[in-house]
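Every number here is computed from the coordinates shown, using simple stated rules; none is lab data. In this text the structure is predicted, and so the values were computed from the model without any measurement. Positions of Cβ are generated from backbone atoms using ideal geometry, with glycine treated the same way; all protein chains shown enter the neighbour counts.
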Amino acid sequence: MGDVRMIIDFFSNQVPQLQLIRESLDNPQTDQLIQAYNFLCGLVLENMNCEMADNNTEQLLARPNLIIRTRESVNLVFDSIFNGNDEFCYTDLLQPDPRRTRHFLSTLIRFYHFKCDMSTEVIQMENDLEAQCRTYKLEKDFALKTEADINNEKKRLIDLEEEKRLIENEDIQMQQELLTKKALIGSEKKNYEEVQEHLKKLEAKIENYKEKSIQLEETLKRMEMNIVTSPELLIEELEKLEKNRLDVELKLEDTQKNNRKIEYELAEIHAIGQRIDALGDDLEKLEEFKRRIPEMRGNEDKIIQEVNNLEKERNEMRSKLEHISKGVVEERTNIKEKIQASRNEVETINQKIKDLQSDEKELSNRLVKIKENIREYISKNEEMDRKFILTTERFDEVIKNRLNDLKMLKKKTDDQQNVLNNIFMKMMKS
């Protein structure tokens with residue numbers, strides 16, 4: 001039923017003017033079959049790249065020649081399917097049998113669909129291979145360009161590493177210089193604080209001397225204003241004044257020395273201040289350089305990261321190219337294997353058809369033997385069932401007899417035991 005539906009649908013879609021319907025298959029006509037077989041053989045042989053006479057030329061041939069050409073075309077197709085084991089005869093055209101006609105038409109249609117599917121799959125595989133080859137070429141060109149970029153980035157990275165090394169060395173030197181200058185600044189600050197403290201002490205002494213000078217001036221004024229009545233007192237007062245004058249001169253000399261020393265120290269302090277200002281400028285420059293170092297290192301890290309990314313991308317591209325190359329080779333091998341497997345499958349199907357046809361008779365014979373064995377087995381089972389029932393009945397009867405014997409034996413044993421007990425009791429009483 002499925003073959004009939006397939007045949008009618010095929011010719012309705014491909015050759016509607018042939019008007020092949022179910023009645024045509026139940027009662028096939030020679031002329032209609034010749035057209036159907038010629039159309040199918042033309043499609044199949046065209047797919048197989050085989051030459052066939054032009055259909056227009058076939059229409060001009062005499063009917064006998066047309067029948068001969070149709071039979072040859074069908075057998076040519078069947079030779080490729082069944083290796084000549086399913087021969088198409090003239091009677092299949094002149095006196096067609098409905099069953100054989102359906103068989104031949106369905107076989108040709110299935111073989112045509114199989115060839116179309118195989119051609120489509122091969123074309124698809126070829127297109128996939130071409131696409132993979134184009135992709136491989138593009139990726140290979142991209143990989144070569146990427147490798148050149150990576151080499152340039154490597155060279156730039158080497159230059160950056162050299163610059164980084166120089167900057168690090170300069171940074172180390174400046175750090176050492178900064179530590180030295182910080183230590184010097186600390187020492188100068190300590191000296192400056194000591195000088196400031198000494199100045200404060202000198203200022204306190206100067207104030208003390210000023211107060212004493214004021215007291216002496218007041219004493220002199222008072223002496224000038226007073227009238228001296230006693231020469232002894234005047235001499236004594238003069239001696240005190242002379243002594244105070246000498247002390248003041250000594251103190252004045254000391255004060256001048258201290259002032260010169262203080263001026264020298266102030267000059268040194270001024271020079272220290274200038275050096276401190278210069279060191280401050282250097283410190284600001286160092287701080288600015290230290291602030292720039294992370295930025296420079298950040299740019300360097302960014303470049304290193306970019307180079308690493310490019311290196312990683314190149315490695316991935318190489319592995320991908322190797323994988324694609326292997327995939328192309330494997331794909332070609334797989335296509336060849338699939339084509340060979342398809343051929344082997346067709347040969348296997350043909351061989352299976354032969355085996356099934358040869359095994360059909362053997363299976364029929366085996367089925368007859370199996371049925372005979374089943375009948376014999378059933379009869380043997382029935383006989384064994386009868387024997388088993390008889391044996392069971394006999395066994396039940398034997399068991400029943402044995403149970404009766406055991407009961408009798410037990411009764412006799414009980415009687416004897418009672419007799420013995422009575423005898424024993426009598427003996428005990430006597």
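The calculated FRET efficiency for V15 paired with A148, based on their beta-carbon distance and R0 = 51 Å, is about 0.25.
Given their separation in residues at 0.36 nm each and the Cα-Cα distance between them, E316 and V419 gain 25.8 nm when the chain is fully extended. Note that the stretch 372-381 has calculated 3J(HN,Hα) couplings of 5, 5, 5, 4, 5, 5, 5, 5, 5, 5 Hz, one per residue in order, obtained from phi through the Karplus relation 6.51 cos²θ - 1.76 cosθ + 1.60 (θ = phi - 60°); glycine and proline are x.
What FRET efficiency would be calculated for the residue pair Q29, E139, taking the C-beta separation as r and a Förster radius of 41 Å, to the nearest 0.05? With R0 = 41 Å, the Cβ-Cβ based efficiency is 0.10.
Taking θ as phi - 60° and the Karplus parameters 6.51, -1.76 and 1.60, the scalar couplings of the stretch 145-156 work out to 5, 4, 5, 5, 4, 5, 5, 4, 5, 5, 4, 5 Hz in sequence order, x denoting glycine and proline.
The peptide list 10-22, 404-416, put in order of mean Cβ contacts within 10 Å with the highest first, becomes 10-22, 404-416. Applying a threshold of 21 Å to the alpha-carbon distances of K115/K361; K189/K257; K145/K312; K380/K400; K182/K261; K190/K251 flags K115/K361; K189/K257; K380/K400; K182/K261; K190/K251 as lying beyond it.
Segment D3..Y377, full-extension length gain: 130.5 nm, with 0.36 nm per residue of separation and the alpha-carbon distance subtracted.
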